[in-house]
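Input: a single structure, listed below in structure tokens.
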Amino acid sequence: MSGISRTTYDEFMDDRHFARIDGLRAVSVLLVLTIHSKVTLLHRYLHGWIGVTIFFVISGFLITTLLLREESRTGRINLSGFYIRRVFRILPLYYLALALTCIAVALRLADDPSPFWPRLVYFLTYTNEFAPDGTFGHTWSLGIEEKFYLIWPAVAFLIPVAVKRRGWIGATVLATTSVLGLVAPSTYVGLYAPILAGCVLALVLNNPRGFEIASQAAKPTLGIAFLALFVLAVVVNPENTHMQVLVGLTATLAFPFLLFGPPRIMGWLAHPWLMHVGTLSYAIYLFHPLIGSAVSAVIPTERGVAYSLLHLLGMTVATIAFAEIMRRLVEAPLIARGRAIANRKGSSLPLAQEQAPSTLPL
């Protein structure tokens with residue numbers, strides 16, 4: 001797609017695959033991998049935790065856009081079809097990762113095994129965000145994501161009163177969660193601010209007038225300014241918290257530039273290699289700590305920076321390779337199965353983007 005400043009609203013609505021979203025997924029999940037490396041300089045300067053926040057924004061934007069497009073085509077959404085596709089896309093690979101982690105902990109092959117078993121109930125019930133820190137704790141974002149999938153489509157697209165006012169509802173809930181997240185960082189609901197920001201952006205772009213206003217953010221001058229604001233928010237945000245309200249809001253402001261900005265500046269996000277890694281992002285996110293533990297047995301990180309960098313490289317390559325296997329053997333067949341069941345129940349075909357998980361678990 002050309003830059004949004006040169007793209008009409010109708011062209012945007014006809015676009016069935018946002019290629020740069022896959023590239024942005026890849027960048028986000030590769031940032032997350034640096035968190036679980038032993039290279040402290042990367043922790044300090046790359047701030048890999050922002051990968052999760054970016055994925056939250058992507059999730060809100062993409063899921064809302066998918067539902068809006070289905071509603072535009074059919075006059076309604078098939079909520080059961082939506083949930084069926086989500087179940088087949090997310091749960092099988094997740095529980096496979098959890099099962100392998102249980103085996104690794106039982107055999108003492110995973111890091112930090114001692115507190116795992118009392119926390120297992122959180123992982124089995126998708127309340128990961130409430131689990132204390134430890135092995136498999138990186139999946140905290142899944143608890144947030146799954147509750148979003150459960151509530152937002154039903155409220156914004158099924159309840160007649162809410163459907164008519166979903167823009168105002170989305171903006172109001174976003175403002176509320178943002179304020180709570182900023183003034184009371186321990187408030188749980190503040191974690192939803194980045195996802196809701198993505199939802200509101202999708203609603204804005206779905207409206208011709210909103211699209212015209214938002215298109216200004218994809219122009220280089222304003223887009224680069226918003227990117228700079230995002231970097232500033234990353235720098236000032238504490239690294240020891242998942243509450244990333246400012247990071248999520250500024251990422252949303254920069255999102256039109258990342259997604260639709262001039263190809264000469266942001267076209268690299270649509271590089272085929274990045275796009276392919278983006279389609280593997282869910283499996284990469286799920287399995288990289290487990291694979292990192294296995295790589296540690298071969299490349300000891302306590303020997304210095306060089307070994308730590310080699311460990312990160314080995315973990316990255318091995319995780320991508322494993323994710324490719326998972327994609328072919330588990331994800332793709334089950335995604336197709338879920339789509340087939342959903343379609344038999346009368347759901348309309350989603351955007352092509354729906355073929356790949358939209359979350360970091362997304």
| note | For the range 155-221, listing trypsin sites (Lys or Arg not before Pro) in a DSSP loop whose Cβ sees at most 15 other Cβ atoms within 10 Å gives Arg165
| request: Starting with the highest mean, order 253-263, 193-203, 144-154, 321-331 by the number of other Cβ atoms within 10 Å, averaged over the residues of each peptide. | output: 193-203, 253-263, 144-154, 321-331
| task | Note down the nm distance, to one decimal, between modelled labels 7 Å out along Cα→Cβ at Tyr95 and at Ala321. | result | 3.0
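If you take the beta carbon distance between Gln216 and Ile159 as r and set R0 to 45 Å, what does 1/(1 + (r/R0)^6) give as a FRET efficiency, to the nearest 0.05? Write down the numbers at each step before the final one.
Numbers: r = 33 Å, r/R0 = 0.72.
Given R0 = 45 Å and the Cβ-Cβ separation, E is 0.85.
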| query | Arg337 versus Thr40, label points 7 Å from Cα toward the beta carbon: distance in nm? | reply | 4.7
| request: Could you tell me which of rounded, prolate or oblate describes the range 91-132, using a ≥ b ≥ c as the square roots of the eigenvalues of the alpha-carbon gyration tensor, with rounded for a/c under 1.5 and, failing that, prolate when a/b is larger than b/c and oblate otherwise? | output: oblate
| field | Ser80, Ser215, ranked by accessible area, largest first (probe 1.4 Å) | value | Ser80, Ser215
| query | Want the number for Val179 to Tyr307: 0.36 nm per residue separation, take away the alpha-carbon distance, what's left? | reply | 41.8 nm
| Prolate/oblate/rounded call for the range 1-110, Cα gyration tensor, a/c under 1.5 rounded | oblate
| So what is the relative contact order of the range 178-319, in percent, for Cα pairs below 8 Å that sit 6 or more residues apart? | 20
| said: How large is the Rg to Rh ratio of the chain when both quantities use alpha carbon positions and Rh follows Kirkwood? | reply: 0.95
| Percent carbon-and-sulfur accessible area, the chain, ignoring ligands, DNA and RNA, probe 1.4 Å | 68
| request: Would you mind getting the accessible area per residue of the chain, heavy atoms of the protein chains only, 1.4 Å probe, in Å²? | output: 43
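Rounded, prolate or oblate, given the Cα gyration tensor of the range 197-272, with a/c below 1.5 counting as rounded?
Oblate shape, in that a/c is at least 1.5 and b/c is the bigger or equal ratio.
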| note | Sorted on mean Cβ neighbours within 10 Å (highest first), peptides 282-288, 30-36 come out as 282-288, 30-36
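The values are calculated or read from the model by the stated rules, or taken from the named source; none is laboratory data. Bear in mind the structure is a predicted one, so any value in this text is a computation, not a measurement. In this analysis, Cβ positions are derived from the backbone assuming ideal geometry, glycine residues included, and neighbour counts consider all displayed protein chains. Remember, those area values only see protein heavy atoms, side chains included, never the ligands or the DNA or RNA. Shrake-Rupley method; radii C 1.70, N 1.55, O 1.52, S 1.80 Å.
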